[in-house]
């Protein structure tokens, strides 16, 4: 069994949000977990693999591992903020994309890419409590790579619908006054994941907490539990959700109240699409292993266009362009 050095961001050492993917890799490789791009005195052996999840390796690290089999899994929500020069530095890496539009872009630019779509195993086989219109709203904090969905936007998409919210947040924010009248219950932290799943399954909808996603593991978990996902019409959310069919999408720049008259049917189709997607993932994950195992091709010729834009509705927003320009000037 080959050794795979698995590099991830430090936060996941606690949250273990990508544990299902790590378990799949551990069933096929001798996985050594590293966080924050730790480098030890590694004697690279033939067959060793180095996989970087979300955060790309530096040019210095790529140079130190020259000749090794290097795999990078970028997350759309973060990668869309990287500069052209940063992206061009990945030319010698094998790229695994969980976002279809990003994969199409990178393939057109000349990168050695593989696309797959992950789905979790459904946690239930049928839907109950179809009349319950409670949405699970996981309040996240905005950061430089992604904007969280604020209460004022939640209020717009709820509109006059007879909906209540369960708010999951570590702290109370003043802007929650915008939705205070529809908050039914709250939680801050669950000691056991089973407790969180119990609360999730008591709801009928899940509000995707960010304007875009890398994979979208939190909303995929909601689909696996039979909830209708409500999210911005941006990748990767809109690569899983068809508005009004198996979930709900809204225009981030011009949000309107949801039409949830057929919520029960939408929830059933959400669970059905998750089941079909999981079957497809079970077949295609072996192709992912084959791609990981392939010998590296070395540095390829890539052509990332100046002023490139990933395919995202959010990028049409002038304020987003200004934010991204500021981030690039600051080197983020």
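Things to note:
- In region 174-187 there is no residue that is modelled with pLDDT under 95, under 23 Å from the mean Cα position of the chain (by Cα), in a loop (DSSP other than H, G, I, E, B) and surrounded by 14 or more Cβ atoms within 10 Å (Cβ to Cβ).
- Qualifying position, being in the same structural domain as residue 243 (by TED's automatic domain parsing) and within 27 Å of residue 277 (Cα to Cα), among 104, 194, 147: 194
- Matching entry among 208, 254 (being in the same structural domain as residue 151 (by TED's automatic domain parsing) and at pLDDT below 90): 254
- The set of residues in region 10-34 that are touching a residue at least 24 places away in the same chain (Cβ under 8 Å) and touching a strand residue (DSSP E or B) at 6+ places or on another chain (Cβ under 7 Å) comprises 10, 18, 25, 29, 30, 31, 32, 33, 34.
- If you check 208, 224, 228 for being in contact (Cβ under 8 Å) with a residue 60 or more places away in the chain, in contact with a helix residue (DSSP H, G or I) (Cβ under 8 Å, 6 or more places away or on another chain) and within 19 Å of residue 267 (Cα to Cα), only one passes: 224.
- Where residue 291 falls short, out of the listed (1) at pLDDT below 95; (2) outside any loop (DSSP other than H, G, I, E, B); (3) assigned by TED's automatic domain parsing to the domain that holds residue 77: (1)
A quick yes/no check of all residues on (1) under 30 Å from residue 234 (Cα atoms); (2) touching a helix residue (DSSP H, G or I) at 6+ places or on another chain (Cβ under 8 Å); (3) surrounded by fewer than 16 Cβ atoms within 10 Å (Cβ to Cβ); (4) at pLDDT 85 or above:
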{"position": "32", "(1), (2), (3), (4)": "no, no, yes, yes"}
{"position": "35", "(1), (2), (3), (4)": "yes, yes, yes, no"}
{"position": "48", "(1), (2), (3), (4)": "no, no, no, yes"}
{"position": "90", "(1), (2), (3), (4)": "yes, no, no, yes"}
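The values are calculated or read from the model by the stated rules, or taken from the named source; none is laboratory data. Computed from a predicted model, the values in this text were never measured in an experiment. Positions of Cβ are backbone-derived with ideal geometry, glycine not excepted, and every protein chain shown enters the neighbour counts.
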